[in-house]
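Quick notes on the structure that follows.
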Amino acid sequence: MTRDSSPEAGFVLPSVVAILVVIAAAAALATQQLQTQTKIATARLDQLRLQGLVDGATRFVAMSLINERARRLPGLALPENGRVVTCPLPGGVTLSLSVQDQGGSST
């Protein structure tokens, strides 16, 4: 084997390295965008879960108040003076409820 001593002999290597650098930068950018989109989707999922929890708790308390007032059935017996009642939920979540009787207040 003989070596080619022409001035163009090492010209291909820098071109290949430059192409590999461009491909690596594109892959890093795509990975970062995917991570950002994953974090956004996770935050949106958490927001929807919490919104569902709040909506469900609001409906549950409203139905309890309807049962206590209109139907004279036992309900949750929540204090109606605005005092906060905490309810521990699975997963380490705590729900804080407060009921204020605005219709019966004299102020």
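The values are calculated or read from the model by the stated rules, or taken from the named source; none is laboratory data. Just so we're clear, the structure is a prediction, and the values are computed from it rather than from any experiment. Note that we place each Cβ from the backbone using ideal geometry, even for glycine, and neighbour counts take in every protein chain shown.
List of remarks:
- Whenever a residue of region 69-94 is at pLDDT 85 or above, its partners that are of a type in the set (S, T, N, Q) and surrounded by 11 or more Cβ atoms within 10 Å (Cβ to Cβ), lying with C-beta atoms within less than 6 angstrom and at least six residues away or across chains, give the pairs Val84/Ser98.
- Test: residue in region 73-82 that is within 20 Å of Gln51 (Cα to Cα), outside any loop (DSSP other than H, G, I, E, B) and touching a strand residue (DSSP E or B) at 6+ places or on another chain (Cβ under 6 Å): no
- From the options Thr58, Thr86, Thr94, Thr36, residue that is in a helix (DSSP H, G or I) and exposed (fewer than 11 other Cβ atoms within 10 Å of the Cβ): Thr36
- Failed item, numbered, when Arg49 is tested on (1) under 22 Å from the mean Cα position of the chain (by Cα); (2) exposed (fewer than 11 other Cβ atoms within 10 Å of the Cβ); (3) farther than 30 Å from Gly103 by Cα: (2)
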